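Have a look at the structure below, then the notes.
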Amino acid sequence: MYSPRLLDHFQNPRNLGELLPPAIVVEVSNPICGDILRLSAAFENERVTDARYQTRGCTASIACGSALTELLIGKTRADIARLQSSDIETAVDGLTAESKHAAVLCVDAARRLTSS
């Protein structure tokens with residue numbers, strides 16, 4: 001059902017936790033499934049230098065949050081604004097139809113970073 005890469009991100013999540021200020025912290029939720037993603041990112045010269053996340057949700061949401069933090073590091077705000085759910089799906093080698101909400105949750109959080 002899940003790809004080996006997605007399962008690796010779930011079983012060995014990268015960048016768990018939260019960064020201290022002056023990092024930007026955002027929180028998004030999916031009211032239908034109840035998943036919550038809290039994302040924090042530190043910027044230097046308009047580039048993400050570090051990112052952390054905390055997720056309360058399904059296997060896919062935990063894995064996608066991990067993959068998201070890896071995608072964010074080194075990106076500019078403009079790069080983040082162009083992030084698509086398909087980028088998250090690719091980073092975990094695909095999602096089932098019922099798990100695609102996890103990638104959308106990640107993109108929602110990333111976009112909120114750019115407006116903070």
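Laboratory data are not the source of any read-out in this text; all were calculated from the coordinates shown. What you see is a predicted model; the values in this text were computed from it and never measured. Because the Cβ atoms are built from the backbone with ideal geometry, glycine has one as well, and the counts that use them run over all protein chains shown.
Do we have any residue at all in the stretch 85-102 that's surrounded by fewer than 16 Cβ atoms within 10 Å (Cβ to Cβ), among the hydrophobic types (A, V, I, L, M, F, W, C), without any contact (Cβ under 8 Å) to a residue 40 or more places away in the chain and in contact with a helix residue (DSSP H, G or I) (Cβ under 6 Å, 6 or more places away or on another chain)?
No, the stretch 85-102 has no match at all.
Test of understanding: among Arg77, Arg82, Arg52, which residue is more than 26 Å from Pro4 (Cα to Cα), in contact with a helix residue (DSSP H, G or I) (Cβ under 8 Å, 6 or more places away or on another chain) and not hydrophobic (A, V, I, L, M, F, W, C)?
Criteria check complete, one pass: Arg77.
Can you name every residue in the stretch 4-32 that is out of contact with any helix residue (DSSP H, G or I) (no Cβ under 6 Å at 6 or more places or on another chain) and either under 15 Å from Asp108 (Cβ atoms) or surrounded by 15 or more Cβ atoms within 10 Å (Cβ to Cβ) (or both)?
Scanning the stretch 4-32 gives Arg5, Leu7, Asp8, Leu19, Ala23, Val25, Glu27, Ser29, Pro31, Ile32.
Starting from residues that are of a type in the set (A, V, I, L, M) and in a loop (DSSP other than H, G, I, E, B), keep the ones in the stretch 1-48 and report whichever is farthest from Ser115 (Cα to Cα).
Here the answer is Met1.
Look at Thr69 and say whether it is in contact (Cβ under 8 Å) with a residue 12 or more places away in the chain, buried (at least 22 other Cβ atoms within 10 Å of the Cβ), assigned to a helix (DSSP H, G or I) and within 11 Å of the chain's Cα centre (by Cα).
For Thr69, the condition - in contact (Cβ under 8 Å) with a residue 12 or more places away in the chain, buried (at least 22 other Cβ atoms within 10 Å of the Cβ), assigned to a helix (DSSP H, G or I) and within 11 Å of the chain's Cα centre (by Cα) - is met.
Given the structure, is Ala81 of a type in the set (Gly, Ala, Ser), buried (at least 22 other Cβ atoms within 10 Å of the Cβ) and out of contact with any strand residue (DSSP E or B) (no Cβ under 9 Å at 6 or more places or on another chain)?
For Ala81, the condition - of a type in the set (Gly, Ala, Ser), buried (at least 22 other Cβ atoms within 10 Å of the Cβ) and out of contact with any strand residue (DSSP E or B) (no Cβ under 9 Å at 6 or more places or on another chain) - is not met.
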